[in-house]
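Student: The structure follows.
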Amino acid sequence: MSRATLALDRVMTALVGLVLVTLGVLGILWWAGRLGSVPTRVDLSAIRWWPRQQWWPWALGLAGLILVLLGLRWLVAHLPRRGISHLSLPGSGPQGRLHVAAGPVVDATADALARTPGVRSARGRIDHDRGQLVAHFDATIERGADLRTVAAAADAVTGELQAALERQDLTGLVQLRTAGRNRAMPRVY
């Protein structure tokens, strides 16, 4: 989720919460008879003619369409984002842009991490996380894996990725998961 979406969510949540609390307090005060000159009944006779007008179905349809579009936009803003597919390389300028496909580079880096003793598998992606460019790696390690070896390999591959992409603003994040059980070793007869 982007920062703008998070900020909008927080503002809208605060506004909806404030409106609901205000309506709740007003409802309690009205029920208790503490609002003074507020009528006990609401007279809607002034707007009863609206549904009989020719523009009424069009207005309702337009309002419904706007609400549907706003709802869809809100849902799309909350979908998880995929990783970045292309990165700009240093040297891009007014004459042209240098791009690299991020997927193959990250896959090669994950494969290098997976070749580390004790690492069963690894996969990765690059995406923007809170304004930073982050390479996420998920690795499954064996139960008896040497964590120092795995940590050193993770540092090495993220450093190699930074060097290959020439992006010093790239941060590496490696998440390790322990395998449910160790793989069976081949038997020798």
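The values are calculated or read from the model by the stated rules, or taken from the named source; none is laboratory data. In this text, all values refer to a predicted model and were calculated from it rather than measured experimentally. Note that we place each Cβ from the backbone using ideal geometry, even for glycine, and neighbour counts take in every protein chain shown. For accessibility, only protein heavy atoms count, side chains too; no ligands or nucleic acids. Shrake-Rupley method; radii C 1.70, N 1.55, O 1.52, S 1.80 Å.
Student: Is there a residue in the stretch 54-64 that is assigned to a helix (DSSP H, G or I) and within 29 Å of Val134 (Cα to Cα)? Spell out the reasoning first.
Tutor: The initial filter retains those residues of the stretch 54-64 that are assigned to a helix (DSSP H, G or I), namely 55-64.
With the extra rule that they be within 29 Å of Val134 (Cα to Cα), the set shrinks to none.
No, the stretch 54-64 contains no residue that is assigned to a helix (DSSP H, G or I) and within 29 Å of Val134 (Cα to Cα).
Student: Taking Val157 and the conditions (1) of a type in the set (A, V, I, L, M, F, W, C); (2) at pLDDT below 90; (3) part of a helix (DSSP H, G or I); (4) touching a helix residue (DSSP H, G or I) at 6+ places or on another chain (Cβ under 6 Å), which numbered condition does it fall short on, given that it satisfies the others?
Tutor: Failed condition: (2).
Student: Could you check how many residues of the stretch 19-53 are open to solvent by less than 90 Å² (accessible area, probe 1.4 Å), of a type in the set (S, T, N, Q) and assigned to a loop (DSSP other than H, G, I, E, B)?
Tutor: Qualifying residue count, the stretch 19-53: 1.
Student: Output the qualifying pairs, or none if there are none: Cβ atoms under 7 angstrom, residues six or more apart or on different chains, first residue in the stretch 38-63 and within 25 Å of Leu26 (Cβ to Cβ), second residue open to solvent by 100 Å² or more (accessible area, probe 1.4 Å).
Tutor: From the stretch 38-63, the pairs are Val38/Trp30.
Yes or no, residue by residue, for (1) more than 15 Å from Ala152 (Cα to Cα); (2) of a type outside the set (Val, Ile, Thr); (3) more than 19 Å from the chain's Cα centre (by Cα):
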position	(1), (2), (3)
Val105	yes, no, yes
Arg115	no, yes, yes
Gly118	no, yes, yes
Ser121	yes, yes, yes
Asp129	yes, yes, no
His136	yes, yes, no
Ala139	no, yes, yes
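Student: What's the total number of residues in the stretch 144-159 that are open to solvent by 50 Å² or more (accessible area, probe 1.4 Å), farther than 23 Å from Val105 by Cβ and of a type in the set (A, V, I, L, M, F, W, C)?
Tutor: 1
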